[in-house]
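No value in this document is a laboratory result; all are computed from the given coordinates. The structure presented is a predicted model; accordingly, all values stated were derived computationally and were not measured. All Cβ positions, even for glycine, are placed from backbone atoms using ideal geometry, and neighbour counts span all protein chains on display.
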Amino acid sequence: MEATSEIAYRKIIHIDMDAFYASVEQRDNPEYRGKPLVVGGLPEGRGGVVATASYEARGFGIHSAMPSKQALKLCPHALFVRPRFEAYKEISRKIREIFSRYTDLIEPLSLDEAYLDVTQDKLHIGSALEIAWQIKAAIKDELKLTASAGVSINKFVAKMASDINKPDGLKFIGPSSVEAFMETLPVAKFYGVGKVTAEKMKKMGLFTGADIKNLSEAELSRSFGKSGRFYYQIVRGIDDREVQPHRETKSLAAEDTFAYDLSTLEEMEAELDKIAKLVYDRLLKKNLKGRTITLKIKYSNFKQITRNKSFPVPVADLETINATAKQLLRITFMETHRIRLLGISLSNFGELDTRPKGKIGADQLKLF
């Protein structure tokens with residue numbers, strides 16, 4: 001008798017909490033329930049930005065990253081509340097505890113979503129669909145919140161699946177259905193495809209995964225660079241990325257949105273002093289150094305730019321971080337432009353230098 005072998009597929013779950021911040025506020029404050037609720041900056045004065053919106057508010061077209069003033073125009077009777085990040089972090093920790101009952105292979109993407117690899121689950125349940133159902137039930141029973149789950153053979157498809165039946169959804173896309181699912185998926189729905197790329201695809205006559213599948217890898221690479229190869233593989237259901245429980249820190253940042261728009265260089269530099277100190281403290285805590293310092297600027301009209309400077313050796317001292325951020329600010333400063341947000345980040349990390357301090361100082365003199 002001829003021996004047969006089955007392909008071993010991963011069992012990946014993507015869990016995404018439903019309107020997380022808003023749902024927490026509605027859970028904790030009965031007066032918010034059933035009403036359009038916006039969590040984020042308040043619309044009064046200069047106004048802030050929407051962090052998230054309840055499903056009642058989303059029905060009016062309100063979404064995250066939208067200016068709060070615009071959200072108020074869309075729904076004049078919406079309720080606006082400031083976020084309580086410490087509360088959200090604590091709930092996120094409890095959600096992670098529920099995940100860890102089933103697997104240690106957990107890759108958090110943010111406070112409200114994560115990938116889980118349950119190919120070998122702790123409780124020997126065997127069925128990823130059953131595990132996803134149990135996790136959703138535990139979150140609802142213990143935390144009084146709802147989550148949506150996508151279950152499939154890889155991270156990309158699982159993430160796409162979790163968005164299909166929101167809120168409180170559960171969608172399974174098995175191995176035999178993956179390619180058909182990707183073929184019917186609109187290009188704008190592809191995770192990682194932004195508005196600019198989606199528009200470019202549409203101009204090329206690419207509206208669904210099936211359209212992308214008609215192009216060769218070389219054609220996609222010519223049009224979209226390195227991303228072209230990714231598109232070529234993903235429309236065929238190929239995604240070999242592993243769930244990484246301890247993702248390497250790629251960048252470390254701090255930023256602040258101000259109560260009023262800054263107009264003078266003196267005001268901006270005073271704020272950079274505070275932000276640089278936050279970044280410095282976080283670097284020390286994580287024992288990291290970075291070769292690239294990036295300044296983020298958001299103007300009063302919401303236009304955003306970044307400027308960066310790289311060094312031949314990693315840096316982690318407050319003086320260098322602060323001085324570089326101010327130098328980048330002065331290069332871009334225009335008296336006619338008011339600023340609503342400033343941020344500083346470090347990336348391109350290396351290990352902290354353990355040489356004697358005298359030698360480190362000698363190296364840092366060369367940076368300027």
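Worth a mention:
- Unsatisfied cross-links (Cα-Cα over 26 Å) in the set LYS89/LYS144; LYS136/LYS285; LYS140/LYS166; LYS171/LYS303: LYS136/LYS285; LYS171/LYS303
- Against the chain, whose longest principal axis is taken from its Cα atoms, helix 85-99 shows a tilt of about 30°.
- Largest first, the three principal axis extents of the alpha carbons in the chain are 76, 55, 47 Å in whole numbers.
- Reach of LYS35 by Cα under 19 Å, taken over aspartates and glutamates that are not fewer than 8 positions away in the same chain: ASP18, GLU25, GLU56, ASP168
- Packing-based exposure ordering (other Cβ within 10 Å, fewest first) of VAL193, VAL178: VAL193, VAL178
- Value of relative contact order over the chain, rounded to a whole percent, pairs C-alpha under 8 Å and six or more apart: 13 percent
- Residues SER221, SER251, SER148, SER92 arranged by fewest to most Cβ contacts within 10 Å: SER251, SER221, SER92, SER148
- Given 11 as the ceiling on other Cβ atoms within 10 Å, longest exposed-site-free region of the chain for GluC sites (Glu not before Pro) in DSSP loops: 45-247
- Volume per residue that the Cα convex hull of region 20-85 spans, once the total is divided by residue count, Å³: 74 Å³
- Per-residue Cβ neighbour rank within 10 angstrom, fewest leading, THR146, THR257: THR257, THR146
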